[in-house]
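J.: Quick one: the structure is below, questions incoming.
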Amino acid sequence: MRWPILPTALVAAAVATMTGLGVWQLERLQWKQGLIAQLEANRGKPPVAWPAVAPADGSLLYRRANGFCLQPVAWRATAGRNLQDQPGWSHIASCRTGGAEGPGMQVDVGWSKAGEAPAWRGGVVEGVIVPDSQHRIRLVATNSPAGLPPSRPGLPSEMPNNHLFYALQWFFFAIAAAVIYVLALRKRQQGTAAAGPAVVDEKEDGTA
């Protein structure tokens, strides 16, 4: 079977790219598994003071921590669950802080069925550090400072980890592209061979 240079090069480049993406997803899978194991270990470590700057590597996630909210300056409510896994609202205060607690912190002071902000003026907070989509981390209070049931902080094992699925998907795309190209090329070349070159019968033109 003859291999045309340009189409074959393009398909080979696409297959190599998809294979590389599959390998990268497998590397991400190993990284995510290591991260989850680290975060699971954090749950058993002693409490720390609320960090002045949130670590970029997430090394403090799911670790117990203590902080002091001088004053809530803003509130937001996000969909959350309580410790009984009932749906509702988690109430998050943006706190003014000082001293060892740094320039500010986000505190999930508790859960309720309604979305209205609770009447809480700040104070000592004990809880668990969890990811926050707007401020990187927040403290989910376990001591119910606002008199509300605590929000469910979640578990490291609940973090999305679909890298194996994505890797298998990229490998499937690479194999499918290669197989489809080979079959299409073979079919085209077989059709060309079956047609054959045009032959003129000299007897038909009366010259022989």
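The values are calculated or read from the model by the stated rules, or taken from the named source; none is laboratory data. Keep in mind that this is a model prediction, so the values were computed, not measured. Cβ placement follows ideal geometry from the backbone for every residue including glycine, while neighbour counts extend to all protein chains displayed. Calculation scope for accessible area: heavy atoms of the full protein, side chains included, ligands and nucleic acids excluded. Shrake-Rupley method; radii C 1.70, N 1.55, O 1.52, S 1.80 Å.
J.: Here are some conditions: (1) more than 30 Å from ALA119 (Cβ to Cβ); (2) surrounded by fewer than 16 Cβ atoms within 10 Å (Cβ to Cβ). LEU29 meets all but one. Which one does it not meet?
T.: (2)
J.: Test each condition in (1) surrounded by fewer than 18 Cβ atoms within 10 Å (Cβ to Cβ); (2) among the basic types (Lys, Arg); (3) touching an Asp or Glu at 6+ places or on another chain (Cβ under 9 Å) for ARG96 and report the one that comes out false.
T.: (3)
J.: Output the residues belonging to the stretch 133-180 that are surrounded by 17 or more Cβ atoms within 10 Å (Cβ to Cβ) and within 18 Å of GLY34 (Cβ to Cβ).
T.: PRO156, HIS163, ALA167
J.: I'd like the full set of residues that are surrounded by fewer than 15 Cβ atoms within 10 Å (Cβ to Cβ) and either in contact with a Pro (Cβ under 9 Å, 6 or more places away or on another chain) or within 13 Å of ASN66 (Cα to Cα) (or both), limited to the stretch 100-111.
T.: Kept after step one, since they are surrounded by fewer than 15 Cβ atoms within 10 Å (Cβ to Cβ), are these residues of the stretch 100-111: 100, 103.
Result: ALA100, single match.
J.: Being modelled with pLDDT of 90 or more and surrounded by fewer than 12 Cβ atoms within 10 Å (Cβ to Cβ), is that true of even one residue in the stretch 53-67? Quick ask: steps written out before the conclusion?
T.: Restricting attention to the stretch 53-67, the residues satisfying the condition of being modelled with pLDDT of 90 or more are 60-67.
Right, trim to surrounded by fewer than 12 Cβ atoms within 10 Å (Cβ to Cβ) and you get none.
Within the stretch 53-67, not a single residue is modelled with pLDDT of 90 or more and surrounded by fewer than 12 Cβ atoms within 10 Å (Cβ to Cβ).
J.: Looking at (1) out of contact with any Lys or Arg (no Cβ under 8 Å at 6 or more places or on another chain); (2) more than 28 Å from ILE36 (Cβ to Cβ); (3) surrounded by 17 or more Cβ atoms within 10 Å (Cβ to Cβ), which is the only condition ALA114 fails?
T.: It fails just one condition, (3).
J.: What is the residue count in the stretch 38-52 for residues that are of a type in the set (A, V, I, L, M), open to solvent by 30 Å² or more (accessible area, probe 1.4 Å) and touching a residue at least 40 places away in the same chain (Cβ under 8 Å)? Even if it seems obvious, please write down each step before you answer.
T.: Step one: list which residues in the stretch 38-52 are of a type in the set (A, V, I, L, M), which gives 39, 41, 48-49, 52.
Pick out the ones that are also open to solvent by 30 Å² or more (accessible area, probe 1.4 Å) and you get 41, 48-49, 52.
Now restrict to residues that are touching a residue at least 40 places away in the same chain (Cβ under 8 Å): 49, 52.
Counting residues in the stretch 38-52 that are of a type in the set (A, V, I, L, M), open to solvent by 30 Å² or more (accessible area, probe 1.4 Å) and touching a residue at least 40 places away in the same chain (Cβ under 8 Å) gives 2.
J.: If you don't mind, another one. Any idea which of VAL199, VAL179, VAL128, VAL140 is over 21 Å from ALA49 (Cβ atoms), modelled with pLDDT of 90 or more and β-branched (Val, Ile, Thr)?
T.: Numbers: VAL199 fails: modelled with pLDDT of 90 or more; VAL128 fails: over 21 Å from ALA49 (Cβ atoms); VAL140 fails: over 21 Å from ALA49 (Cβ atoms).
Matching residue, one of VAL199, VAL179, VAL128, VAL140: VAL179.
J.: Further question on the same structure: Only one of (1) out of contact with any Leu (no Cβ under 8 Å at 6 or more places or on another chain); (2) more than 30 Å from ALA174 (Cβ to Cβ) is not met by PRO51, so which one is it?
T.: All conditions are met except number (1).
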